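**Q** Below is the structure I would like to discuss, written out as C-alpha cells.
The values are calculated or read from the model by the stated rules, or taken from the named source; none is laboratory data. No experiment lies behind these values; they were computed from the predicted model shown. Neighbour counts are summed over all protein chains in view; Cβ atoms, including those assigned to glycine, are modelled from backbone coordinates with ideal geometry.
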Amino acid sequence: MSFFKKYFNFYIYSNIHVSLAVMCLTKITLLQFDIAENISPLFVFFATIISYNAIRFINIDKIRDASSAWIRSYKLQLLVLNLICLIGLAITTYLLKIKSLIVLFPFVLATSLYISPFKMWRLNLRDVPGIKLFLIAFSWAGVTVLFPIVQNEVEISKNIMLLFFERFLFIVAITIPFDIRDIDYDNPKLFTLPQVIGIKKSKLVGIISLTLFFLMELYRSFNSGNSILVIFIVSIISSIMIAYSSKDQSNYYSSFWMEGIPIIWFFLTVITGA
C-alpha cells in the first residue's frame, strides 16, 4: 500500500472525513446568522468521531464493507485517535452552555436506542422498519442546526425551523447512496429505502428531497442571491452524485465524495460570503 493511500484510508475509515462534514454543516448554520463561534463545531467534530467509531466497534462483526478489515488492523491507532478526541470533547463540553447539552439529548437518545446492541427499556429502534435513513437525517439536522443556534442564544423562530427541515431533506438525499451501496449487505429486516422501493425510486426520492431543499431555501433566503446560488450548486452536485450511485460503486464514492459535499458547501459559503 502506498504512503498516500495508507493515510488517505486512515482519514476515511477513522471517520475524520465524515466528522469534518458534520462540523462544516454546523459552521454553515453559524455563518448564515453571522456568528463567529467555533466551540460548538469543534464539539460536534470530536463527538462525531467518537460516536461513529463506537458504532463501528459495536457492529464490527456485522460490517462487510472495505472498512472492516482496516478497522481490525488499526485498532491501536483508532484507540489513540479516540483518546485525543475524548480530551477535546471534554474541553469543549466544559465550555458549552447547559441548555445546549439539553437540546442534544433527544438526538443522542435516538441514536443510542438505534446503535445499542441491547434493548434499552425493551426498545431498540433497529426493530422499527425503515427508520434508519430518517433517524440519521433527524439527528444530523438537530446537531448541526438546533444545537449551535441554542448555544449562541438565537431565538428558535420559523426561519430556524425551516432551516432544520431543509437540513433534514438534504441529509435524507445524500444518505441514499449509502443505502444503495449497502443494499446487498444490510439486514433485510432493516427495510432501507432501496430495499423497499428499489434503487431507481430511491434515487428519485433523493432528487425530490433536494428539489424541496432548494425551494425552501429560495423561500427562506429570497433576498440573498449568493446563498441561493450556493444551494443551487450544492443541489446540482448532490443530484448528479445520487443519479450515478450504484450498489457496485467504488469504496470511496459515498465515503469520500458524497460525504465531502458538506465540505464543498462550506467553502462555497465562505468564498461567496453567502
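**Q** Would you please list the contacts, defined by Cβ atoms under 6 Å and residues six or more apart or on different chains, that run from a residue in segment 30-47 that is more than 24 Å from MET161 (Cβ to Cβ) to a residue that is at pLDDT 95 or above and of a type in the set (Val, Ile, Thr)?
**A** LEU42/THR92
**Q** Take residues that are closer than 22 Å to ILE102 by Cβ and tell me which of the helices (runs of 4 or more DSSP H) falling wholly in segment 130-198 contain 2 or more.
**A** By residue number, 132-141, 147-151, 158-181.
**Q** Go through the residues of segment 198-213 one by one and say whether even a single one is surrounded by fewer than 23 Cβ atoms within 10 Å (Cβ to Cβ) and aromatic (Phe, Trp, Tyr).
**A** The answer is no; no qualifying residue exists.
**Q** Might you let me know whether segment 200-218 holds any residue that is among the aromatic types (Phe, Trp, Tyr), assigned to a helix (DSSP H, G or I) and over 20 Å from the mean Cα position of the chain (by Cα)?
**A** Looking for residues that are among the aromatic types (Phe, Trp, Tyr), assigned to a helix (DSSP H, G or I) and over 20 Å from the mean Cα position of the chain (by Cα), one finds none in segment 200-218, hence no.
**Q** Another one. For segment 232-274, name all the residues that are more than 26 Å from TYR13 (Cβ to Cβ) and either touching a Ser or Thr at 6+ places or on another chain (Cβ under 8 Å) or of a type outside the set (A, V, I, L, M, F, W, C) (or both).
**A** Of everything in segment 232-274, those that are more than 26 Å from TYR13 (Cβ to Cβ) and either touching a Ser or Thr at 6+ places or on another chain (Cβ under 8 Å) or of a type outside the set (A, V, I, L, M, F, W, C) (or both) turn out to be SER235, SER239, THR269, THR272, GLY273, ALA274.
**Q** Let me ask you something else. Every residue in segment 229-251 that is free of Cβ contacts under 8 Å to residues at least 12 places away in the same chain and either assigned to a helix (DSSP H, G or I) or in contact with a helix residue (DSSP H, G or I) (Cβ under 6 Å, 6 or more places away or on another chain) (or both), please.
**A** The answer is ILE236, ILE240.
**Q** Need the failing condition index for SER227 against (1) buried (at least 18 other Cβ atoms within 10 Å of the Cβ); (2) under 19 Å from the mean Cα position of the chain (by Cα); (3) under 27 Å from PHE45 (Cβ atoms), just the number.
**A** For SER227, the failing item is (2).
**Q** Name every residue in segment 242-257 that is within 16 Å of the chain's Cα centre (by Cα) and crowded, with 18+ Cβ neighbours inside 10 Å, in order of residue number.
**A** Matches in segment 242-257: ILE242, TYR253, SER254, SER255.
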